[in-house]
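Beneath this line is the structure, given in structure tokens, with notes to follow.
All of the numbers you see were taken from the coordinates with simple rules; none came from a lab. These numbers come from a predicted model, not from an experiment. A quick note on method: Cβ atoms are made from the backbone with ideal geometry, for glycine too, and the neighbour counts reach across all protein chains shown.
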Amino acid sequence: MLQCCKDREPGKSGFRSFFQFKNIAFFAIIICSIIWYSTNLVVAVFPENGKSPIVFTTEKGDQWNVYLTHSVEKTPWEEFFQVNGVNDMTLTSTKFESLGWGFPYGEYEGTLEHKNGRYLLKMNRPFTMVSIRVASQAMQKLVHGKDCYDLVPLYGTGTKVDIYVLYRYQYWLRRLKQL
């Protein structure tokens, strides 16, 4: 038989797919990585004035806090929040120095302890989001681990900020709406 008319051997004949197993596995790993990354939890701080939000990665059980100066008593005040999931956080405790104007101290508020000159009010208050009105008198700071975000220079006095726990893709979608 002529060489030019010879049929191909069975191992070489038939359809040659672009998606061989190694390509399918590679694309599956890429897609799974994107899904995993986009469903990580983040704490996102959205200011009402349209400036860039603060965002940091978190996980269930993680804690962040707001540090401020009480506007009347002029003493430090800290509120600690625990991340439970999307739109789910708990105010677990508040630390302050005196039982002054507007400070909680009733039994219905939680368990109050006094040590080292400070009060610690342990509680269990659920929040879906936290709103703060930034003020130069209060000098609010958002603290997460070793990171500290000073809200007054970032957003200015009088700006309302909303703090959420979201999936990263939800944060991306909110950012797209702002643009």
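Overview of results
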| item | result |
| --- | --- |
| Residues that are crowded, with 16+ Cβ neighbours inside 10 Å and under 20 Å from Leu154 (Cα atoms), drawn from region 57-68 | Trp64, Asn65, Val66, Tyr67, Leu68 |
| Members of region 33-48 found to be loosely packed, with under 12 Cβ neighbours inside 10 Å and of a type in the set (S, T, N, Q), listed by number | Ser33 |
| Count of region 125-177 residues which are among the hydrophobic types (A, V, I, L, M, F, W, C) and in contact with an Asp or Glu (Cβ under 9 Å, 6 or more places away or on another chain) | 9 |
| Pick from region 108-153, criterion of a type in the set (Asp, Glu) and part of a strand (DSSP E or B), ranking: nearest to Thr92 (Cα to Cα) | Glu113 |
| Whichever residue in region 51-80 is of a type in the set (A, V, I, L, M) and more than 12 Å from the chain's Cα centre (by Cα) and, among such residues, is nearest to Leu91 (Cα to Cα) | Val66 |
| Failed criterion for Lys160 (all others in (1) free of Cβ contacts under 8 Å to residues at least 40 places away in the same chain; (2) among the charged types (D, E, K, R); (3) out of contact with any Pro (no Cβ under 7 Å at 6 or more places or on another chain) hold) | (1) |
| Unique match (being among the aliphatic types (A, V, I, L, M), exposed (fewer than 13 other Cβ atoms within 10 Å of the Cβ) and under 18 Å from the mean Cα position of the chain (by Cα)) among Leu154, Leu176, Leu99 | Leu176 |
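Yes/no matrix, rows are residues, columns are (1) loosely packed, with under 12 Cβ neighbours inside 10 Å; (2) farther than 30 Å from Gly156 by Cβ; (3) free of Cβ contacts under 8 Å to residues at least 60 places away in the same chain:
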residue	(1), (2), (3)
Ile31	yes, yes, yes
Lys51	no, no, no
Thr75	no, no, yes
Val83	no, no, no
His114	yes, yes, yes
Asn124	yes, yes, yes
Thr128	yes, no, yes
